[in-house]
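Working notes, structure below.
None of the figures in this text is laboratory data; all of them are computed from the coordinates on show. Predicted model only: the values in this text are computed from it and were never measured. Ideal geometry is used to build each Cβ from the backbone, glycine not excepted, and the neighbour counts take in all protein chains shown.
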Amino acid sequence: DMCGNGLRCVAAYLYEVGYASGSSFSITTLTGEREVVLEVTDGRLKSVCANLGAPELKPDKIPMIAEKEPVIDLTVHIDGTAVELSAISTGTPHAVVFYDKPVEVRYLGPRLMVHPVFPEQASVNFVQAEGRGRLRARTWERGGVGESLSCGTGAAAILAAAYLKGLTGREAEVAHPGGSLYVRWDSRGDIWICGGAEAVFRGTLSLESFD
């Protein structure tokens, strides 16, 4: 439905090729307009922030099947093992699992993703709290993607779940294997993700191949 890091990368591209001259503008997504803010120093793009909007905490809007709201520390079972998760939508549905012992991400990830409580599947985030200002995460993305190096909407869901559980304040660093995002849940209720964005390669694509 929406990709947080994709949104930031599009914003960086629009700036670098000259389609966007200002430091703040909006991009329309399937979930509505999203504001992006660029930090530029001496003409060089340093970071891109994206406003992902207010997190959705209502079970039927995530969507998921649950009787409590918000869905924090819901116990589900995977092959007879109890797993506690929190569920939030930040433009796409996410399950957040906090742990303090080693966890088998490649085993639990795909099984939690398709658990019956998630009628449209959910990306699954496995998180360790390393203090009130830092959260370390791995994300198994829904839809057959598998484990990703970073997930922007996942980082937003992680911060929201951590705050609702009392593990952090309204902002924290979320560190994925591919890098860190700085996430803030502002006083209006919107969640922002901020971090770098840089070109990795360029190429050409023939649109005729899609006819």
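Remarks
- For mean projected area of the Cα convex hull in nm², the value calculated from this model appears in (1) 14.2; (2) 17.3; (3) 13.5 under label (3).
- Difference of contour (0.36 nm per residue) and Cα-Cα distance, residue 65 to residue 111: 14.9 nm
- Couplings 3J(HN,Hα) of segment 96-107, computed from phi: 10, 10, 8, 8, 10, 10, x, 10, 8, 4, 6, 8 Hz, in residue order, whole Hz [Karplus 6.51 cos²θ - 1.76 cosθ + 1.60, θ = phi - 60°; x for Gly and Pro].
- Computed from the C-beta positions of residue 14 and residue 165 and an R0 of 25 Å, the FRET efficiency is 0.10 to the nearest 0.05.
- A simple rule links phi to the HN-Hα coupling: the Karplus curve 6.51 cos²θ - 1.76 cosθ + 1.60 with θ = phi - 60°, which for segment 61-67 gives 9, 5, x, 7, 9, 7, 9 Hz, with x for Gly and Pro.
- Phi-derived couplings, Karplus 6.51 cos²θ - 1.76 cosθ + 1.60 at θ = phi - 60°, listed residue by residue for segment 2-9: 7, 10, x, 5, x, 4, 5, 5 Hz, with x used for Gly and Pro.
- Segment 119-177 and segment 1-52: distance between their alpha carbon centers, rounded to Å: 21 Å
- Here the sum of -39500 (n - 2.57) over DSSP H runs of 4 or more residues, divided by the residues of the chain, equals -5000 deg cm²/dmol at 222 nm, to the nearest 500.
- Highest mean first, the peptides 150-160, 128-138 sorted by other C-beta atoms within 10 Å per residue fall in the order 150-160, 128-138.
- Restricting attention to the chain, the count of lysine pairs at 8 or more positions apart or across chains with alpha carbons under 28 Å apart stands at 6.
- Based on Cα contacts under 8 Å between residues 6+ apart, the chain shows a relative contact order of 19 percent.
- Nonlocal amide H pairs with residue 71, under 5 Å, H built at 1.01 Å: 87
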